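J.: Have a look at the structure that comes next, please.
Only the coordinates and a few stated rules stand behind these numbers; no lab work does. Treat the numbers as computed from the prediction; the structure is a model and nothing was measured. FYI the Cβ positions are ideal-geometry reconstructions off the backbone, even for glycines, and counts take in every protein chain you see.
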Amino acid sequence: MPQMEKRNREAIECGNLINKRIGTFPLTQFSDLYTQKPAGTRTLEKITRDQATKTFDDNFDKMISVAPEEGWTLPSPAQIQIDKKRRRNEFLDKLGFKEGMAEVEVAPRDSHYYDSLLNSARLSPKQSATLLHDQ
């Protein structure tokens, strides 16, 4: 998650530590907002199980490695592994991964709050305007 690392670096450099994000919090937040898309809705992103697992594990491990610097008391190594597995499974489940699924297409969990999804990195201004108009 390069964006999170950049944000943390900038927060430390300017001394505004309220903007620092550690570990799995942003991932948990993402899985609270997005899940496997319902049929007939637009896809926000395709995520592979391997991609989601690696991202979770990398950020969990970073969180544990900085815990002493942050003044956190850690449980035993065995308990850390139990917690990691439980939290990873919750994360994957909330994204919509079922047993044997290698990829999910995600969309906002509560589409009531989203009138449209526009990916300005892939759509031209005209395509975006057409999608907005058609809504």
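J.: Just grab the label-to-label distance for ALA129 and LYS54, each label 7 Å out from Cα along the Cβ direction, in nm (one decimal).
T.: 4.0
J.: Taking 0.36 nm per residue of separation and subtracting the Cα-Cα distance, what length does fully extending GLU105 through ARG9 add?
T.: Computed gain between GLU105 and ARG9 is 31.5 nm.
J.: With the cut-off at 18 Å, tell me which of the pairs LYS6/LYS37; LYS37/LYS84; LYS62/LYS84; LYS46/LYS85; LYS46/LYS84; LYS37/LYS94 have Cα atoms farther apart than that.
T.: LYS6/LYS37; LYS37/LYS84; LYS46/LYS85; LYS46/LYS84
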